[in-house]
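This report concerns only the one structure given below.
Please treat every number below as a calculation from the coordinates, not as lab data. What you see is a predicted model; the values in this text were computed from it and never measured. Neighbour counts run over all protein chains shown; Cβ positions are idealised from the backbone, glycine included.
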Amino acid sequence: MMSFTRIVLFTDTDGRARFRDEAIPLDQGTPQARLSALLPTQGLQLRESPVGFRSEFHVSSHPQWVFILQGQMEIGLQDGSSKVFGPGQHFFSADLLPEGAVFDPQVHGHWSRQVGEQALVTVFVRA
């Protein structure tokens with residue numbers, strides 16, 4: 001069976017952000033146009049971040065897909081690792097504050113920044 005690989009930014013059991021890959025089955029449609037099951041959404045936002053943008057450590061407020069339309073976005077984790085996403089790439093941001101936790105920028109979350117010479121344009125699709 002064919003599948004779509006969803007890159008997930010999530011909060012692990014130790015409260016730290018990590019990346020993992022998940023397969024979404026493409027088990028509907030036709031052999032010429034394979035589809036996943038319909039995924040629920042709650043809305044869409046567009047964002048433009050200027051050259052030089054960088055956030056502090058933060059967590060996602062809601063699970064959401066992030067699609068890069070223009071420029072590059074780097075996501076950095078507490079362990080010092082990072083991933084860069086470019087046009088046509090995506091990740092699913094589910095890096096939420098653990099229930100009952102108080103945000104600690106030394107433990108929780110991720111940072112993001114614009115990379116390169118183009119402004120960063122993204123689409124957020126809330127799940």
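Evaluate segment 81-90: report whether one residue or more is touching a residue at least 60 places away in the same chain (Cβ under 8 Å) and touching a His at 6+ places or on another chain (Cβ under 9 Å). Checked segment 81-90: no residue is touching a residue at least 60 places away in the same chain (Cβ under 8 Å) and touching a His at 6+ places or on another chain (Cβ under 9 Å). Number of residues in segment 84-118 that are surrounded by fewer than 17 Cβ atoms within 10 Å (Cβ to Cβ), assigned to a loop (DSSP other than H, G, I, E, B) and within 18 Å of the chain's Cα centre (by Cα): the value is 5. Hey, any hits in segment 45-53 for a residue that's of a type in the set (Ser, Thr, Tyr) and touching a residue at least 12 places away in the same chain (Cβ under 8 Å)? Within segment 45-53, one or more residues are of a type in the set (Ser, Thr, Tyr) and touching a residue at least 12 places away in the same chain (Cβ under 8 Å).
Summed over segment 49-67, the residues that are under 29 Å from Thr13 (Cβ atoms) and surrounded by 13 or more Cβ atoms within 10 Å (Cβ to Cβ) give a count of 10. Residues in segment 15-36 that are part of a loop (DSSP other than H, G, I, E, B) and surrounded by 10 or more Cβ atoms within 10 Å (Cβ to Cβ): Gly15, Arg16, Leu26, Asp27, Ser36.
Considering segment 38-71, the residues that are closer than 27 Å to Ala101 by Cβ and of a type in the set (A, V, I, L, M) include one that is nearest to the chain's Cα centre (by Cα), namely Val66.
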